[in-house]
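Only one structure is covered here, and it is reproduced in the block below.
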Amino acid sequence: MEAAGTCEITRLPEELLSAALALTTPRDACSAAVVSRDLRAAADSDAVWSRFVPHDLPSLADGELCDPAPASAKGRFLRLSDSHRPLLLADGLMSMWLDRETGAKCYMLSARSLHISWGDTPEYWRWIPLPDSCRVSEGAELRVVCWLEIRGRIHSKMLSQDTTYAAYIVFKLGDKTYGLDYPAQEASITVAESTSTRKVCLQSSVNEDEDWAGFGDPLRRRYHRACCGHLVFPGKRSDGWMELKLGELYVKDCDTGEVCMNLMETKGCGPKGGLVVQGIEIRPKKGLASSSAMSKSKHQAGGEEQAATTKSTVACEIVRLPPELLMKVLSHITPQDAARAAAVSQAFRAILDSDAFWTRFVTSVHNLLLFHYNGQTLSQKEMFLCLSDGPILSVTRRMSMWLDRQTGAKCCMLSARALNIAWSRKPQHWRWIIHCTDRSFSQAAELLSVCWFEIRGKIDSEMLSLNSTYAAYLVFKLDDESAHRRDFPVLKASVRIGGCKSTRQVSLHGSDGDEDGLPSHPQQRADDWMELELGEFYNKQGNDGEVCIRLSETAELNNKKGLIVYGMEIRPKKNKT
């Protein structure tokens, strides 16, 4: 039983807590910082805030971050997320900032960067200074047109991935505005081959202080009554401008091409005038409660932060951390860290024993357990422990899979039968021998005699864990004669994924240690087999196609024999300690 005054959070390693907080959001880091001094030390560290600053920021105009340059990662983030002082890009036509709640990139496309039909014709549009704009120096004022069309575009690579954005046209209406309330305009957003459209109206129809009598034209009154439930109207911004939502878009992997945003009205052919365009703003879509929640987060991170960190001598600090935030923080850690964190407190243990925590590790491979444990009811944690206890054969019995107990990453072994072995169908060159042990492959391939030596293996990158560095190994034995002669030639190993390929020289014979310029040598395994690292690769998003592994020696063409191949193993690359 822990003493009532013991602070549970101090028993969690700071580097673990910082790494977990870095995988949340700036808002969550601010929420955690007000819980205690110990949490603030982790939440305010450069390790956390450097993760919130994107590494792929666009090129900024000269001097944008030199006033003076922030000394800490948190200071840099706060400057980048100051929406009242957006940063001008190098082209001078766009500005950007970071969303203070999520860290996602936001942009303002100035009117000068947009394609405005007839925008270069002075009798239709004119360019005016905008002294009340924080960054855009001039805007486009509509004098009179019948054909209204405004287009903006930005490449998806400039946006934050896995983020839902909303696009807004930012504008004002002059004292003599006309033709913008009827007929309604059409807004559209196109991403790749997908287009979404909506009906919008730049001139608000009815608000809390108006009624339908304000629209003297009976046709306009009937039109707005009929379309009121389908039209999108503008809203007032805190900077005095108006904004009208053009639509939403989801950026998945930042490589879906250009995002095109359009606002047009070309069917009514009536005159329109009085519109002043500042630009098009693109920012993350907010939930209904986001504004108040963010306001609360800023408030907590500000003047009352010190008072909120006063610890009770009786209550444990971790109890004061919101459960949803605690779950979010812990949900990003590894199984190895989960075992350490579960020993910290009952609050941690309850979350780390729940199905919600373990589901993300077992979801993609639980079908293997259904095949082997048919009829048994297992919790998600029990599934993980089974899957990380050792290899489980697939239905074809030519491949086995398991989970790495430290990281939760997927591992697999391709049996010799699953490999493409040159001349393996010729009994005079290779033969298949029985190898029966529990939960392993039943056969191995024994090399009798070949001159052309080549073994290939492949696996789809979708079967492996994302954002993980893997290493591929040949699992084998040498017969006593070959091991004693040490005459197996140096081999060439290669691993290829997508457009990346790595090659190395390897030897099947053991060595006391590797030296620069010499081939890689095998290591003894706990199961009495040998393993030889053939190369490593990084699986980013699992969409790079097949991972192709090759081991060959086709240059010397001398006789080779005495090798017994069990398979190829693919597992996460471990850091040397």
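Couple of notes before you dig in:
- Filter pass, Pro284 being closer than 14 Å to Trp147 by Cα and either at pLDDT 90 or above or not assigned by the TED database to the domain that holds Gln161 (or both): no
- With respect to the stated conditions, Arg431 fails to be over 30 Å from Phe453 (Cα atoms) and of a type in the set (Lys, Arg).
- Members of the range 94-122 found to be under 21 Å from Val251 (Cβ atoms) and among the hydrophobic types (A, V, I, L, M, F, W, C), listed by number: Met94, Met96, Trp97, Leu98, Ala104, Cys106, Met108, Leu109, Leu114
- Take the conditions (1) under 20 Å from Ala166 (Cα atoms); (2) out of contact with any strand residue (DSSP E or B) (no Cβ under 9 Å at 6 or more places or on another chain); Glu101 misses just one of them, which is (2).
- Filtered residues of the range 516-528 (kept if surrounded by fewer than 19 Cβ atoms within 10 Å (Cβ to Cβ) and not polar (S, T, N, Q)): Asp516, Gly517, Leu518, Pro519, His521, Arg525, Ala526, Asp527, Asp528
- Those residues of the range 190-202 which are open to solvent by 30 Å² or more (accessible area, probe 1.4 Å) and outside any loop (DSSP other than H, G, I, E, B), in sequence order: Thr190, Ser194, Thr195, Ser196, Thr197, Arg198, Lys199
- Subset of the range 439-458 (residues that are of a type in the set (D, E, K, R) and more than 15 Å from Ile549 (Cβ to Cβ)): Arg439, Glu446
- Enumeration of residues in the range 133-184 that are open to solvent by 40 Å² or more (accessible area, probe 1.4 Å), of a type in the set (A, V, I, L, M, F, W, C) and over 31 Å from the mean Cα position of the chain (by Cα): Cys134, Val144, Cys146, Trp147, Leu173
- In the range 232-281, residue farthest from the chain's Cα centre (by Cα) [restricted to those that are under 22 Å from Asp181 (Cβ atoms), outside any loop (DSSP other than H, G, I, E, B) and β-branched (Val, Ile, Thr)]: Val276
- Test: residue in the range 501-509 that is among the hydroxyl-bearing types (Ser, Thr, Tyr) and either modelled with pLDDT under 90 or open to solvent by 80 Å² or more (accessible area, probe 1.4 Å) (or both): yes
- Residues (open to solvent by 30 Å² or more (accessible area, probe 1.4 Å) and either in a strand (DSSP E or B) or without any contact (Cβ under 8 Å) to a residue 60 or more places away in the chain (or both)) located in the range 464-484: Thr469, Lys477, Leu478, Asp480, His484
- Scanning the range 513-533 for residues that are in contact with a Phe, Trp or Tyr (Cβ under 8 Å, 6 or more places away or on another chain), among the aliphatic types (A, V, I, L, M) and assigned to a strand (DSSP E or B) turns up at least one hit.
- For the range 540-554, the set of residues classified as at pLDDT 90 or above and open to solvent by less than 30 Å² (accessible area, probe 1.4 Å) consists of Val547, Ile549, Leu551, Ser552, Glu553, listed by residue number.
- The set of residues in the range 351-377 being modelled with pLDDT under 80 and more than 24 Å from the chain's Cα centre (by Cα) consists of Asn367, Leu368, Leu369, Leu370, Phe371, His372, Tyr373, Asn374, Gly375, Gln376, Thr377.
- Leading residue by the ranking (nearest to Phe357 (Cα to Cα)) among those in the range 407-427 that are assigned to a strand (DSSP E or B) and in contact (Cβ under 8 Å) with a residue 40 or more places away in the chain: Lys410
Residues checked against (1) more than 35 Å from the chain's Cα centre (by Cα); (2) open to solvent by less than 10 Å² (accessible area, probe 1.4 Å); (3) assigned by the TED database to the domain that holds Cys451; (4) at pLDDT below 85:
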residue: Asp487; (1), (2), (3), (4): yes, no, yes, yes
residue: Arg496; (1), (2), (3), (4): no, no, yes, no
residue: Glu533; (1), (2), (3), (4): no, no, yes, no
residue: Tyr538; (1), (2), (3), (4): no, no, yes, no
residue: Glu556; (1), (2), (3), (4): yes, no, yes, yes
residue: Met568; (1), (2), (3), (4): no, yes, yes, no
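- Trp125 fulfils the conditions (1) modelled with pLDDT under 95; (2) under 18 Å from Val170 (Cβ atoms) except for a single criterion, (1).
The values are calculated or read from the model by the stated rules, or taken from the named source; none is laboratory data. Note that this is a predicted model, so its numbers are computed, not measured. Heads up, the Cβs are rebuilt from the backbone with ideal geometry, glycines too, and the neighbour counts pull from every protein chain shown. Accessible surface areas use protein heavy atoms only, side chains included; no ligands, DNA or RNA. Shrake-Rupley method; radii C 1.70, N 1.55, O 1.52, S 1.80 Å.
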